[in-house]
Every structure is written in structure tokens, then in C-alpha cells.
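The values are calculated or read from the model by the stated rules, or taken from the named source; none is laboratory data. Predicted, not measured: the structure shown is a model, and the values here were computed from it. With ideal geometry, Cβ positions are generated from the backbone for all residues, glycine too; neighbour counts draw on all protein chains shown. The protein model used for the area step is the full one, side chains on, heavy atoms only, and it has no ligands, DNA or RNA in it. Shrake-Rupley method; radii C 1.70, N 1.55, O 1.52, S 1.80 Å.
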Amino acid sequence: MMLFMPPVMNGQARNNSKQSLSWLSSDNNNSSVTTSDLATETVNPWDIALCVVGTVISCENAIVVAVIFYTPTLRTPMFILIGSLALADLLGGVGLILNFIFLYLLNFEAARLVSAALLIASFSASVCSLLAITMDRYLSLYNALTYHTERTTTFTYLVLFAIWVTCISLGSLPVVGWNCLEDETSCSVIKPITKNNAAVLSVSFLLIFALMLQLYVQICKIAFRHAQQIAVQYHFVATSSTSTRKGISTLSVILGTFAACWVPFAIYCLIADSSYPLIYTYVTVLPATCNSVINPIIYAYRNPDIQKSLWVACCGCISSNFSFRPRSSSDV
């Protein structure tokens, strides 16, 4: 692993440079680092990369949260779910920034536990919010006639309340004692989480991914059926087929991006432990965090209503080239 280091370094410093002080570390022998030591202590470039990604995540999603919060018309179930996703990713980005601060400025047990709790809770809420959005898309197509009466704002808030309570409870487990600080042999690749707890989180994620995959398959089937009905009724075979293929391509990109970002890390947490080289953890966890960079682009910035609110917020007007088209709840 490449590190930034001074030209002259004694043996002990060189040995310490091979381990990170972060919550991902498999080693706990490093002592606390103070502000004055930053100039001489090595800084892991992977930690810098995670901090930069966290900053980008925070900025992107803070804009989405602000737009949805300050725009009264964006209070429908669809946008509430997008807001939940953006808030979860925002907290995840803040968690990555705090992890870097705790790593090099406040390196003590309580800080590591708080950092791990925030990251677990926020990214769990992000994945669960993605599942909720997928289910909302499916229901909007499957129950198109009754969707707007069944999917009320109150119902959506109740679902999100259950999601956030569950995710916050998961995040609090390391703080209340479910950690490996007293027995480092039981640590997973994401210290201070134990190997068993990391395995449970990974299996839960893979089950959520399997459910999302099944829902998207059903969405594609319903879209094909609707396209065929429209083609037969209005004789728009070419247009309907092209639109359906475009929609399925979009769903494939969404699901493929999600899988590429998260599945490697989930599988690695199942098969690896703290004895594995730390660089493997960084290589898998960095793409997982990058999913929170992509989420606002896919689910928020492509939406014309959010684009309109951004135009109004930035320049007080709407671009003359801005166009609208009718959008359903499945068009996120």
C-alpha cells in the first residue's frame, strides 16, 4: 500500500505505516495521534480517498435534502422516499468525514464506536430506502388504478419510521457492547464489528438485493405487458417498443450499478476476517461508498420537478429550454 511518508523513517514508524488507524483497521496497536503529529505521521491515501468521497456525498445529497425540504410541492410519497435516501447518504458522507477526523485527531475507543455506529446506520438506511423506492415503483405499476389512494403520505412516513428505527438500532449495537474491542480475534474486516455481526449484515444485504432483483424483473414484465397493450390499441408498435427497451435499460443500469458497488463488499465481509490484508477491505469498501455518489444522480437530479426547483433556487427562474412531460410514480 502506497503511503505518504517522510524520506527518513525509523523501523517502528515504518511498521505502523502498514496499518490504518481507521474503523476498517485490523490492528489496534497504534497510539493516539495528535494535531502536531500530522506533519510527521503517515497519512493513508485510502483514508484520504474515503474522506474526499464523503465530502462529495455530503454536498450532493445536502442539495437534494434542501430542495425537497423547502419545496412544498415535493411532498408526495415518491419524493419523500427520495428524501430519505438522500438523508441517509448525507449522513453516510458525514460519517466518512468524521471517521477521518476521529482517525487522525481523536483516535480513541469512543470515537471509533460512534463513527462505526453512524456509518452502519446511515448506509443501512440508504440500502433500505433503495428497497422502498423499488417497491414503490413496483406498486405504482402493479396497482396503477388504486396506487394514489393506497400509498398515502402518512403510510410512507410510517414505513420510513420503521426503516430508520431498525437501522439506528443496528448502528447502536457496537456502542452498547456488540463489538470486538475486548477480543480482537473476533473482529471482522470492519472493526470494531465482530465477524458474526458483519456476516448477519452481509446476508441481510444480499437478501435485500435478491428482493430488489425480483421486483425489477416483475417491473420489466409489467412494462412489457403494458407496452403490448398500448401497441395493439393505438398501433404504436415501434414507439412503444423503443420506450420499453429504454426503460428496461435504465432499470438495468440502476440495478447493475447497485450490485457492482455493494455486492463485492458484502461477499468479502462474509469470507474474510481481520487477518486479511487491509488493502482488500479498502478496495471493496470504496466502491460501496461511491454508490451514495451515484444515487442522487439516478434518483434525484434526473427528475424534472427537482430540476425545476434547482433552477428556481439558483437563479429565481426556469430555463426557457426546460421541458416537462407527464411523469408517473415509477419514473424516478
Please verify whether Ser115 is open to solvent by 10 Å² or more (accessible area, probe 1.4 Å), part of a helix (DSSP H, G or I) and within 22 Å of Ala198 (Cβ to Cβ), treating the condition exactly as stated. no
Only listed residue being among the aliphatic types (A, V, I, L, M), more than 22 Å from Ala49 (Cα to Cα) and assigned to a helix (DSSP H, G or I), chosen from Val176, Val165, Val94: Val165
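Conditions (1) polar (S, T, N, Q); (2) closer than 24 Å to Ala132 by Cβ; (3) touching a Pro at 6+ places or on another chain (Cβ under 9 Å); (4) open to solvent by less than 50 Å² (accessible area, probe 1.4 Å), marked per residue:
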| position | (1), (2), (3), (4) |
| --- | --- |
| Leu160 | no, yes, no, yes |
| Val176 | no, no, no, no |
| Asp183 | no, no, no, no |
| Val189 | no, no, no, yes |
| Pro192 | no, no, yes, yes |
| Ser202 | yes, yes, no, yes |
| Phe205 | no, yes, no, yes |
| Gln228 | yes, no, no, no |
Can you find, within the stretch 95-112, the residue that is surrounded by the most Cβ atoms within 10 Å (Cβ to Cβ) among those that are aliphatic (A, V, I, L, M) and either within 15 Å of Cys167 (Cβ to Cβ) or in contact with a Cys (Cβ under 7 Å, 6 or more places away or on another chain) (or both)? Leu96
Only one of (1) surrounded by fewer than 21 Cβ atoms within 10 Å (Cβ to Cβ); (2) within 27 Å of Val65 (Cβ to Cβ); (3) under 22 Å from the mean Cα position of the chain (by Cα) is not met by Tyr147, so which one is it? (3)
When (1) more than 21 Å from Leu251 (Cα to Cα); (2) crowded, with 18+ Cβ neighbours inside 10 Å are applied to Leu141, the one that fails is (1)
One residue is enough: does the stretch 308-331 have a residue meeting the conditions buried (at least 17 other Cβ atoms within 10 Å of the Cβ), farther than 23 Å from Leu90 by Cα and at pLDDT below 90? yes
Output the residue which, of all residues in the stretch 225-244 that are of a type in the set (A, V, I, L, M, F, W, C) and out of contact with any helix residue (DSSP H, G or I) (no Cβ under 6 Å at 6 or more places or on another chain), is modelled with the lowest pLDDT. Ala238
Residues located in the stretch 77-134, provided they are over 13 Å from Tyr299 (Cα atoms) and among the acidic types (Asp, Glu): Glu109
Within the stretch 254-295, tally of residues that are more than 19 Å from Leu96 (Cα to Cα) and free of Cβ contacts under 8 Å to residues at least 12 places away in the same chain: 3
Can you tell which of Phe123, Phe108, Phe155 is aromatic (Phe, Trp, Tyr) and either in contact with a Pro (Cβ under 8 Å, 6 or more places away or on another chain) or at positive phi (or both)? Phe155
